[in-house]
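S.K.: The structure under discussion is supplied below as structure tokens; questions concerning it will follow.
The values are calculated or read from the model by the stated rules, or taken from the named source; none is laboratory data. Not measured: the values here are computed from a predicted model. Please note: Cβ atoms are built from the backbone with ideal geometry, for glycine as well, and neighbour counts cover all protein chains shown. Ligands, DNA and RNA are stripped out before the accessible areas are found, and what is left, the full protein with its side chains, is counted by its heavy atoms. Shrake-Rupley method; radii C 1.70, N 1.55, O 1.52, S 1.80 Å.
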Amino acid sequence: MLLLPLLLACGGEADVVTAPPSPLDATWVATLVRAPERFDALMGPADGPDRAGWIALHKNAWPAAVAGTGAPGKRAAAELAVLHGVLADVSNDAWRSLGTTWELRGTLPTDSALPALVALAAKDAGDNVAWARWSKVATRQDPLVAARVTQHDGLRSATATGDTVVTAQSLAAVPLVEEPLADTRRTLWDPMVHLTLAQAYGHMLTTGYPTDPSAASVFSGRVDPEDGSPRASLAKLGLTMPTEDDTEACREVVRAFDRQLDPWKVQLTATAPEAGQALLSDLRLAEGLRSRALVDWGVDALGAGRPRCALAFTEMALDHEHPREITPLNPPTLFAVSAAANLRTGRTREALDALEVLVGAYPELKGLDETVGDLAVLQGLDRAGDSREN
């Protein structure tokens, strides 16, 4: 069993007050804690093909989990598709802001491929107005950029395999363009990498995704057993996403969730078999459900144009014992959503801080990290002195 040593059982035969039915009773947490033998069966034997993948999925170590071919590998691919989708938004926002900021300062270089890369970011963002405008800005025609666009088009149209992902990751390993300046070089990274990766991981889900309810939902933020969408989870809890981008209203959604979750966890602990109690406690299953649900809601809020709401969800999801680490309670997407939300609300330095948590586990973020760093320097030029971009 995927367990730490069993906790010592509490003594006594205290009466358990019967709690009213809860929507959380139908979650994967309740199902597996009440019948821990089902958890053992799902994980498989210690030397089985899926055990390592499930362990990695629980730890939110998705690159390790996706290497497998079974259910945990597919689940990790789904998580990575969402992660890189959010990072693609960060990249597209950062590139457009970089171009606009440089342009407003009156120092936009005319001998650079930068305007072409800003146009590509706008195109990937579906921002046709910005794409049309930046496509007309004077730019240096670099054959490396044209070749890279063709390469991305091929990867995005291909049937995804592990090789597709590896190729896309390799494009992020080195700068796309290095332009000579008077006494240094201007380094420009590939703005298209994360959308290509998101699509590649998404293509992996066209076949073989687990249909067993437990395999499809274990270690997720899914509350509704039939529908894993964020809005379905909220509806199952009797909650709704605020219609305005209101930080306090979104925090109150989390508090309302906690008012259901906390007593329910106490009741579940009191009524579960001993092995189930150990699962619940040792693996922090209820806390994991909560953190992943909040991150899902944060992704949904970003997509609805509510970055302050998204930031509220990630701040309340964060494992404050390990605030700068990916842990079972800190999914990578938490930091990606935080980066996206901070960038959209004008807090570029905070966005950079969030991205830097991810770079060690995801080296393909190096270019995005550098680009957001360049944006932060450019925006702070009046305070920080001369920028290396000049």
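S.K.: Can you tell me the dipole magnitude for segment 67-187 around its Cα centre, using point charges on the Cβ only (Lys, Arg +1; Asp, Glu -1), in Debye to the nearest 20? Don't jump to the answer; show the numbers that get you there.
M.R.: Working: 12 positive and 13 negative charges, 35 e Å.
About 160 debye.
S.K.: Oh, and also: Once the principal axes of the Cα atoms of segment 152-196 are found, what is the range along each, listed largest first in whole angstroms?
M.R.: 44, 15, 13
S.K.: Specify the angular offset, from 0 to 90 degrees and rounded to the nearest 10, of the alpha carbon long axis of helix 162-171 from the longest principal axis of the alpha carbons in the chain.
M.R.: Rounded to the nearest ten degrees, it is 40.
S.K.: Rounded to whole Hz and in sequence order, give me ³J(HN,Hα) for segment 295-308 from the Karplus expression 6.51 cos²θ - 1.76 cosθ + 1.60, θ = phi - 60°, writing x for Gly and Pro.
M.R.: 5, 4, 5, x, 4, 4, 5, 4, x, 8, x, 10, x, 5
S.K.: Mind listing the long-range amide H neighbours of Arg186? Cut-off is under 5 Å, sequence gap 5 or more, other chains count too, H placed in the peptide plane at 1.01 Å from N.
M.R.: The answer is Glu179, Leu181.
S.K.: Taking only the Cα atoms of segment 251-390, how large is their convex hull per residue, in Å³?
M.R.: Enclosed volume per residue, from the Cα hull, is 123 Å³.
S.K.: Considering just Cα atoms, how many Å³ per residue does the convex hull of segment 109-218 enclose?
M.R.: Working: hull volume 14.2 nm³, N = 110.
Spread over its residues, the Cα hull of segment 109-218 gives 129 Å³ apiece.
S.K.: What does the accessible area per residue of segment 79-126 come to in Å², with a 1.4 Å probe and no ligands, DNA or RNA counted?
M.R.: 30 Å²
S.K.: What value in Å³ per residue do you get for the convex hull of the alpha-carbon atoms in segment 213-297?
M.R.: Taking only Cα atoms, segment 213-297 has a hull volume of 96 Å³ per residue.
S.K.: Where does the chain land at 222 nm, in deg cm²/dmol rounded to the nearest 500, when only DSSP H runs of n ≥ 4 count, each adding -39500 (n - 2.57), divided by all residues?
M.R.: -18500 deg cm²/dmol
S.K.: Using the Cα centre as the reference, give the magnitude of the dipole from point charges on the C-beta atoms of the chain (Lys, Arg: +1; Asp, Glu: -1; all else neutral), rounded to the nearest 20 debye.
M.R.: Result for the chain is approximately 560 debye, rounded to the nearest 20.
S.K.: Report which label in (1) 21.1; (2) 22.4; (3) 21.8 holds the value of Kirkwood radius over Cα pairs in Å derived from the coordinates of this structure.
M.R.: Calculated Kirkwood radius over Cα pairs in Å: the matching label is (2).
S.K.: Grab the other residues whose beta carbon is less than 11 angstrom from that of Ala71, score K and R as +1, D and E as -1, and report the net. Please report the intermediate quantities before stating the final value.
M.R.: On the way: positive: Lys74, Arg75; negative: Asp50, Asp212.
Residues close to Ala71 contribute a combined charge of 0.
S.K.: Report in % the part of the accessible area of the chain that belongs to carbon and sulfur, leaving out ligands and nucleic acids; probe 1.4 Å.
M.R.: Answer for the chain: carbon and sulfur cover 54 percent of the accessible area.
S.K.: Would you work out which of Val357, Met192, Gly380 lies farthest towards the positive end of the dipole of the chain? Charges go on Cβ: Lys and Arg +1, Asp and Glu -1.
M.R.: Met192
S.K.: Specify the angular offset, from 0 to 90 degrees and rounded to the nearest 10, of the alpha carbon long axis of helix 193-203 from the longest principal axis of the alpha carbons in the chain.
M.R.: So the inclination is approximately 40 degrees.
S.K.: Give me the accessible area per residue for segment 198-348, probe 1.4 Å, as a whole number in Å².
M.R.: Per-residue accessible area for segment 198-348 comes out at 40 Å².
S.K.: Hey, another quick one. Between Asp258 and Lys59, how high is the FRET efficiency from 1/(1 + (r/R0)^6) when r is the Cβ-Cβ distance and R₀ = 22 Å? Nearest 0.05. Spell out each step's value before the answer.
M.R.: Values: r = 24 Å, r/R0 = 1.08.
The formula returns an efficiency of 0.40 here.
S.K.: May I pose another question? If you line up the long axis of helix 247-271 against the longest principal axis of the chain, both from Cα atoms, how many degrees apart are they, to the nearest 10?
M.R.: Around 30 degrees separate the two axes.
S.K.: Over all directions, how big on average is the projection of the convex hull of the alpha-carbon atoms in segment 175-269, in square nanometres? Each step should come with its number before you reach the end.
M.R.: Numbers: hull surface 46.7 nm².
Projected area, direction-averaged: 11.7 nm².
S.K.: Within the set of other residues whose C-beta is less than 15 Å from the C-beta of Arg140, count the net charge using Lys and Arg as +1 and Asp and Glu as -1.
M.R.: With Lys, Arg at +1 and Asp, Glu at -1, the neighbours total 0.
S.K.: Below 8 Å, C-alpha to C-alpha, sequence gap of six or more: please give me the relative contact order for segment 265-379 in percent.
M.R.: RCO, segment 265-379: 18 percent.
S.K.: Moving on to the next point. Can you tell me the equivalent ellipsoid semi-axes for segment 11-167? Use √(5λ) from the Cα gyration tensor, largest first, whole Å.
M.R.: 49, 22, 12
S.K.: A further question follows. Defining a contact as two alpha carbons under 8 Å apart and six or more residues distant in sequence, what relative contact order in percent does the chain show?
M.R.: 21 percent
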